[in-house]
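S.K.: Following this message is one structure expressed as structure tokens.
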Protein chains: 2
Amino acid sequence: MRCPGEAGEKVVSENGRMSQLRLALAQIDICVGDLTGNADAVVRHAADAAEAGAHLVAFPEMTLTGYPPEDLVFRESFAEASEHALGALATTLAEHNLGQLAVVVGYLAHDQGPRNAAAVIHDGRIVATYYKHHLPNYGVFDEARYFTPGTRFPVVTLHGVAIGLTICEDLWQDGGPFTVAAQAGCDLVVCINGSPYERSKDDTRLALAQRRAREAGATLAYVNTVGAQDELVYDGDSLVVDPDGHLLARAPQFAEHLLVVDLDLSGGHSGGLPSDEMVIERHSISTDPVPPYDSVPAEITERMPDEEEVWNALVIGVRDYAVKNGFNTAILALSGGIDSALVAVIAADAIGATNVHCVSMPSKYSSEHSRSDAADLADRVGCHFETVPIAPMVDAYLDNVTLTGLAEENLQARVRGTLLMGLSNQHGHLVLATGNKTELAVGYSTLYGDSVGGFAPIKDVPKTLVWQLARWRNAYAEKLGQTPPIPENSISKPPSAELRPGQQDSDSLPPYDELDAILEDYIDRDLGWEDLVAAGHDPGTIEDVVRLVDRAEYKRRQFPPGPKISLKAFGRDRRLPITSRWREAAPPGT
Amino acid sequence: MRCPGEAGEKVVSENGRMSQLRLALAQIDICVGDLTGNADAVVRHAADAAEAGAHLVAFPEMTLTGYPPEDLVFRESFAEASEHALGALATTLAEHNLGQLAVVVGYLAHDQGPRNAAAVIHDGRIVATYYKHHLPNYGVFDEARYFTPGTRFPVVTLHGVAIGLTICEDLWQDGGPFTVAAQAGCDLVVCINGSPYERSKDDTRLALAQRRAREAGATLAYVNTVGAQDELVYDGDSLVVDPDGHLLARAPQFAEHLLVVDLDLSGGHSGGLPSDEMVIERHSISTDPVPPYDSVPAEITERMPDEEEVWNALVIGVRDYAVKNGFNTAILALSGGIDSALVAVIAADAIGATNVHCVSMPSKYSSEHSRSDAADLADRVGCHFETVPIAPMVDAYLDNVTLTGLAEENLQARVRGTLLMGLSNQHGHLVLATGNKTELAVGYSTLYGDSVGGFAPIKDVPKTLVWQLARWRNAYAEKLGQTPPIPENSISKPPSAELRPGQQDSDSLPPYDELDAILEDYIDRDLGWEDLVAAGHDPGTIEDVVRLVDRAEYKRRQFPPGPKISLKAFGRDRRLPITSRWREAAPPGT
């Protein structure tokens, strides 16, 4: 049933009452490319939703393929497999007596080019499909590379309730589906998402959802995936708001969850001018209202405090990378310093302390406290610990080639990297790199030395936040009556790479609070020279920092992936040339 | 002067003759971010063009900023500096008595968002600006991320000749500027480009230029940059075709060049339906025709044969990466095998043999011929050569940790990587990685071992092409009466990593001709299982190869950059998830 330009009329249940509907949002973890596994998860959670009495259940963006599938989208075999999986899913749901549940599922469609699509499945068939209208092509997103934007807006009537579909970015851009939803007289708009975690994004999301619900004059149900895919972490944060923007329900963060909500759908304003941007299509599953029933109150889970949120993002980033890539165990170099201590605890929280192998690799420059702090941490956390002094290997190089100064410092880091990789090859551990965002920004690390690894858990964590998280994690343990995992000495001592006698980070770098403040302005906010000075940073320090950052681009290119937690992570979020003569500097003559 | 929708009228010189114009295309090498250096190059080549009697000179896409500037585009300070550099250039050209020459130059504009722009400069002022209409967002290109598309089509009258402007992708897409040029009655369309080299792209470019010239009913002048920027190599290939598609002039490939062409501009058909896609703007510099003069014949340089073209692309890729990043010397591991032999010769051709440092690092598994072939090559090429046996370092590790099998094999590669990086740190050499595309595809390399380096010259060269290039380079030397640089033995012996006794590549991999054929279909063409089988590949081999390729994604992420020569290079050209459970396989039940 296709009614181009049709507008304004409103479906209300016949007795004039508000329509009731029990909605379930399935906030689940999916894996890119695992069409079978993801479809199985849909069936499992649809069964739970039916068991809970839901009439409609919605799954995240690209549920069947996982998100983002990146250039797999171009593989015709993959797109065809996704279409096939959707058809098979409709059949399987019906076979499992789930045919009467309306299921909204995301998939990759193959219709005049690849499409980021959502389907409504009911009674063994695909009732309607929606193609994402707004395609994000900024930050980590490349959707203009992949998808053709949709221009149809299907409205599906279920138990007399008019339901519109939208996908992720549709929520973040003005115009398009939400205004069309108002015009189409939708009672409910379902938005399915693969929206990566960023610090403070939850607040933005809720505010946006409230705004769009008001625009649409409809209840908005927002379901997001949870888990991690390479550098992206999904925090869930599924929620429902009513047409006035009131929050009706909110799922816990960073956990799979079925959020069940009873809706009393009043619709709201209908009408508005017909859109020439999208064509409204109407599909009907059922017009009979749900017989009146007693609603159960929905849960509204509180948001976590900032540090807990970040911690969970890092833990899930590591866990999903390890699990989805087939690693049961991890290995890392424990120096006694704060970075490796934090990574060890994240790893232990992610995959279990007994699966974490820590190696202390002291050199002749390593202080006694470094060795003992490392051992102390391993003991507190309960992970494996071994010590391999590097002197024999370092000496073997120095006896055969002349390496002095920085070359000798880097040699020590590379001997450690080689040992770690050797142990990984021997035992099948995932190697975790322990570098933080500040180091990575200014190139304060050794390529093929401390940067080796399959995954870099704190790659997007600035040094000042490393300390903050360490203190938070210790306090959290104390609150639970557990031993704080990180030795106080690792937190409080002055940071040092210990690659030469008495070396301290402060010999080469500005104080970390000053450094991180400049980095946030220069990297996350992309400020130029004049704005950096106007922000109150010291011009000499700006000059040093900018030079270090620009020169280290080649190192960042070869760094392992790690979970994004900031507005702008290194990686696909920030694409800069290695070869570049541009330097932010004071204008000539100033 | 803005005439929306104005169409059809044709500017012809008053005496009814064809209009003459001497055009110069400045095919130059530019550097990203070097606003001052690039502007200086424009002034220098504009002076040469004026000296040659040209009335108009055109420079490549984003001449002032270099191309692609990537996320520098988002830095407001950078966009402002680009706009400022354009204004300063107009002044400088006038100060150098070049004001009467019309100069077309590319830059980053900052007008309702960043724009990929071309300006016509004359007499110290900006006469007209054009914003790129079609923005490429596929392959290595992300222009939808950066630029707002232009919708204005300025036509500049110079000596009575109506000149339209276009930029790069405008040529590759149907509709838009070239059809508008016909409608606007252009005599000449100038297309400025930053179009990266790919094998066989020249043929496509010429055919496209011919087609667009016919569509526009105008002469088409195509100017491309030359040189390299990180992974992209620009081959120049600037050319001019008349409205019937006849090739009038073509510049040499892979070299800076000023292509001077005398044009007799007849215009051609004018009219066509008014476009609602772009608005025509008219600007006039001068309506008086050039007084009649005797044309000089233009050069049409022959294209290079395939191997010579690839060779030049690799040499320029290495040279520009080294020079633009401040390296005078390079170092690489010379094994006696074909890959490192080829890289050594490329490096010698790029930066001079005396600036190339080769290190032989034999292990106990290295054959005698490996050592002698390596020494022989260094001797033929005239580069530095030293030998550092790795046994003492390898033994130091093995004495302290248990590493066996693959872990021991990788150890040897990593000891070599560590030595190479140490020598680089000590002496300031650029480290060249010697891995080829086939190895990189199937993961037949050691992360942090043979993969270390700042640049990887043959990263996009399949193994079969490695041999082909080696034979070509030797034959080329013979033709010039020089010593063939690559020992015949390095070309003809069975390839081996020599990481265990008697090891040969054929123990682990299919024959290279079979392997490369599958890789081209799977990687460059993105074929799925059924199409791979239909292409005639052995199903068992497909399965092995696909598994190896998919599993090696994490290694490719950490590989150094290297010059793109194929349709699809690893890097930004092919963006695949590391975490993925998708595997091409026979459909169940077959």
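S.K.: Just one of B:109, B:144, B:118, B:128 is assigned to a helix (DSSP H, G or I) and either within 14 Å of chain A (Cβ to nearest Cβ) or hydrophobic (A, V, I, L, M, F, W, C) (or both); which is it?
M.R.: On inspection, the qualifying residue turns out to be B:144.
S.K.: Within the stretch A:311-332, which residues are closer than 14 Å to residue A:458 by Cα and more than 20 Å from the chain's Cα centre (by Cα)?
M.R.: A:332 - this is the single residue of the stretch A:311-332 that is closer than 14 Å to residue A:458 by Cα and more than 20 Å from the chain's Cα centre (by Cα).
S.K.: From (1) in contact with a strand residue (DSSP E or B) (Cβ under 9 Å, 6 or more places away or on another chain); (2) β-branched (Val, Ile, Thr); (3) more than 9 Å from every other protein chain (Cβ to nearest Cβ), pick out the condition that doesn't hold for residue A:32.
M.R.: Among (1) in contact with a strand residue (DSSP E or B) (Cβ under 9 Å, 6 or more places away or on another chain); (2) β-branched (Val, Ile, Thr); (3) more than 9 Å from every other protein chain (Cβ to nearest Cβ), the lone unmet condition for residue A:32 is (3).
S.K.: Out of B:175, B:139, report the one residue that is in contact with an Asp or Glu (Cβ under 9 Å, 6 or more places away or on another chain), of a type outside the set (Phe, Trp, Tyr) and farther than 24 Å from residue A:138 by Cα.
M.R.: Exactly one residue qualifies, and that residue is B:175.
S.K.: Provide a single number: the residues in the stretch B:349-385 that are within 14 Å of residue B:474 (Cα to Cα) and open to solvent by less than 40 Å² (accessible area, probe 1.4 Å).
M.R.: Total meeting the criteria: 2.
S.K.: For the structure I just gave you, tell me whether residue A:403 is under 29 Å from residue B:394 (Cα atoms), within 14 Å of chain B (Cβ to nearest Cβ) and not in a helix (DSSP H, G or I).
M.R.: yes
S.K.: Test of understanding: among A:124, A:106, A:113, A:175, which residue is open to solvent by less than 10 Å² (accessible area, probe 1.4 Å) and either within 24 Å of residue A:32 (Cα to Cα) or small (Gly, Ala, Ser) (or both)?
M.R.: On inspection, the qualifying residue turns out to be A:106.
S.K.: Can you report the number of residues in the stretch B:443-484 which are open to solvent by 10 Å² or more (accessible area, probe 1.4 Å) and in contact with a Leu (Cβ under 7 Å, 6 or more places away or on another chain)?
M.R.: Number satisfying all stated conditions: 5.
S.K.: Okay, moving on. Just name the residue that is nearest to the other protein chains (Cβ to nearest Cβ) out of those in the stretch B:358-400 that are among the acidic types (Asp, Glu) and touching a residue at least 12 places away in the same chain (Cβ under 8 Å).
M.R.: Within the stretch B:358-400, the match that is nearest to the other protein chains (Cβ to nearest Cβ) is B:386.
S.K.: Related question: Which one of these is surrounded by 15 or more Cβ atoms within 10 Å (Cβ to Cβ), in contact with a Pro (Cβ under 6 Å, 6 or more places away or on another chain) and under 25 Å from residue A:202 (Cα atoms): A:516, A:526?
M.R.: Details: A:526 fails: in contact with a Pro (Cβ under 6 Å, 6 or more places away or on another chain).
Result of the check over A:516, A:526: A:516.
S.K.: If you take just the helices (runs of 4 or more DSSP H) that sit entirely in the stretch B:489-590, which of them hold at least 3 residues that are in contact with a helix residue (DSSP H, G or I) (Cβ under 7 Å, 6 or more places away or on another chain), within 13 Å of chain A (Cβ to nearest Cβ) and modelled with pLDDT of 95 or more?
M.R.: Output list reads B:529-534, B:539-551.
S.K.: Return the residues of the stretch A:64-96 that are more than 14 Å from chain B (Cβ to nearest Cβ) and either in contact with a helix residue (DSSP H, G or I) (Cβ under 8 Å, 6 or more places away or on another chain) or modelled with pLDDT under 95 (or both); say none if nothing qualifies.
M.R.: Answer for the stretch A:64-96, where residues must be more than 14 Å from chain B (Cβ to nearest Cβ) and either in contact with a helix residue (DSSP H, G or I) (Cβ under 8 Å, 6 or more places away or on another chain) or modelled with pLDDT under 95 (or both): A:89, A:92, A:93, A:96.
S.K.: Go through the residues of the stretch A:204-217 one by one and say whether even a single one is in contact with a Phe, Trp or Tyr (Cβ under 6 Å, 6 or more places away or on another chain) and open to solvent by 10 Å² or more (accessible area, probe 1.4 Å).
M.R.: Yes - at least one qualifying residue is present in the stretch A:204-217.
S.K.: Still on this structure, please answer the following. Taking the options B:294, B:320, name whichever one is of a type in the set (Asp, Glu), farther than 22 Å from residue B:470 by Cβ and in contact with a strand residue (DSSP E or B) (Cβ under 6 Å, 6 or more places away or on another chain).
M.R.: Being of a type in the set (Asp, Glu), farther than 22 Å from residue B:470 by Cβ and in contact with a strand residue (DSSP E or B) (Cβ under 6 Å, 6 or more places away or on another chain) holds for just one of B:294, B:320, which is B:320.
S.K.: For the stretch B:489-516: of the residues being in contact (Cβ under 8 Å) with a residue 60 or more places away in the chain and within 30 Å of the chain's Cα centre (by Cα), which is nearest to residue B:369 (Cα to Cα)?
M.R.: So, considering only residues that are in contact (Cβ under 8 Å) with a residue 60 or more places away in the chain and within 30 Å of the chain's Cα centre (by Cα), the one nearest to residue B:369 (Cα to Cα) is B:490.
Results for (1) more than 28 Å from the chain's Cα centre (by Cα); (2) among the hydrophobic types (A, V, I, L, M, F, W, C); (3) closer than 25 Å to residue A:579 by Cβ, shown as yes or no for each residue.
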site: B:50; (1), (2), (3): yes, yes, no
site: B:63; (1), (2), (3): no, no, yes
site: B:81; (1), (2), (3): no, yes, yes
site: B:122; (1), (2), (3): yes, no, no
site: B:128; (1), (2), (3): yes, yes, no
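S.K.: While we're looking at this one, here's another question. If you go through the stretch A:231-257, how many residues are touching a Phe, Trp or Tyr at 6+ places or on another chain (Cβ under 7 Å) and under 22 Å from residue A:568 (Cβ atoms)?
M.R.: Matching residues across the stretch A:231-257 total 3.
S.K.: Restricting to the stretch A:400-419, name every residue that is among the charged types (D, E, K, R) and open to solvent by 20 Å² or more (accessible area, probe 1.4 Å).
M.R.: Those that are among the charged types (D, E, K, R) and open to solvent by 20 Å² or more (accessible area, probe 1.4 Å): A:408, A:409, A:416.
S.K.: Looking only at the stretch A:15-49, count every residue that is of a type in the set (Gly, Ala, Ser) and open to solvent by 20 Å² or more (accessible area, probe 1.4 Å) and tell me the total.
M.R.: Narrowing the stretch A:15-49 to residues of a type in the set (Gly, Ala, Ser): A:16, A:19, A:24, A:26, A:33, A:37, A:39, A:41, A:46-47, A:49.
Restricting the remaining residues to those that are open to solvent by 20 Å² or more (accessible area, probe 1.4 Å) gives A:16, A:37, A:47.
Selection size over the stretch A:15-49: 3.
S.K.: Restricting the search to the stretch B:477-488, which residues are assigned to a helix (DSSP H, G or I) and closer than 19 Å to residue B:358 by Cβ?
M.R.: Passing the criteria: B:477, B:488.
S.K.: Moving on to the next point. Do we have residue B:422 as open to solvent by less than 30 Å² (accessible area, probe 1.4 Å), assigned to a loop (DSSP other than H, G, I, E, B), at pLDDT 95 or above and within 11 Å of chain A (Cβ to nearest Cβ) here?
M.R.: Taking the combined requirement at face value, the residue does not satisfy it.
S.K.: Looking at the stretch A:227-242, is at least one residue farther than 30 Å from residue A:562 by Cβ and either open to solvent by 40 Å² or more (accessible area, probe 1.4 Å) or at pLDDT below 95 (or both)?
M.R.: If we filter the stretch A:227-242 for residues that are farther than 30 Å from residue A:562 by Cβ, which is where we start, we get A:240-242.
From what's left, either open to solvent by 40 Å² or more (accessible area, probe 1.4 Å) or at pLDDT below 95 (or both): none.
The answer is no, given that none of the residues of the stretch A:227-242 is farther than 30 Å from residue A:562 by Cβ and either open to solvent by 40 Å² or more (accessible area, probe 1.4 Å) or at pLDDT below 95 (or both).
S.K.: What pairs come out if I take residues in the stretch B:327-342 that are under 14 Å from residue B:468 (Cα atoms) and pair them with residues that are open to solvent by 10 Å² or more (accessible area, probe 1.4 Å) and in a loop (DSSP other than H, G, I, E, B) whose C-beta lies under 6 Å away, six or more apart or interchain?
M.R.: These pairs meet every condition: B:339/B:434.
S.K.: Name the residue that is surrounded by the fewest Cβ atoms within 10 Å (Cβ to Cβ), counting only residues in the stretch A:294-326 that are within 14 Å of chain B (Cβ to nearest Cβ) and closer than 16 Å to residue A:560 by Cα.
M.R.: Checking each candidate, the answer is A:325.
Residue-by-condition table, conditions (1) among the hydrophobic types (A, V, I, L, M, F, W, C); (2) within 26 Å of residue B:460 (Cα to Cα):
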{"residue": "B:383", "(1), (2)": "yes, yes"}
{"residue": "B:388", "(1), (2)": "yes, no"}
{"residue": "B:393", "(1), (2)": "yes, no"}
{"residue": "B:396", "(1), (2)": "yes, no"}
{"residue": "B:411", "(1), (2)": "yes, yes"}
{"residue": "B:428", "(1), (2)": "no, yes"}
{"residue": "B:431", "(1), (2)": "yes, yes"}
{"residue": "B:445", "(1), (2)": "no, yes"}
{"residue": "B:449", "(1), (2)": "no, yes"}
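S.K.: Tell me yes or no: at least one residue of the stretch A:45-53 is within 14 Å of chain B (Cβ to nearest Cβ), under 15 Å from residue A:96 (Cβ atoms) and assigned to a helix (DSSP H, G or I).
M.R.: no
S.K.: Tell me which residues, restricted to the stretch A:538-550, are open to solvent by 30 Å² or more (accessible area, probe 1.4 Å), without any contact (Cβ under 8 Å) to a residue 40 or more places away in the chain and farther than 23 Å from residue A:573 by Cα.
M.R.: A:538, A:540, A:544
The values are calculated or read from the model by the stated rules, or taken from the named source; none is laboratory data. These numbers come from a predicted model, not from an experiment. Ideal geometry is used to build each Cβ from the backbone, glycine not excepted, and the neighbour counts take in all protein chains shown. Just so you know, the surface numbers come from the protein's heavy atoms only, side chains and all, with ligands and any DNA or RNA stripped out. Shrake-Rupley method; radii C 1.70, N 1.55, O 1.52, S 1.80 Å.
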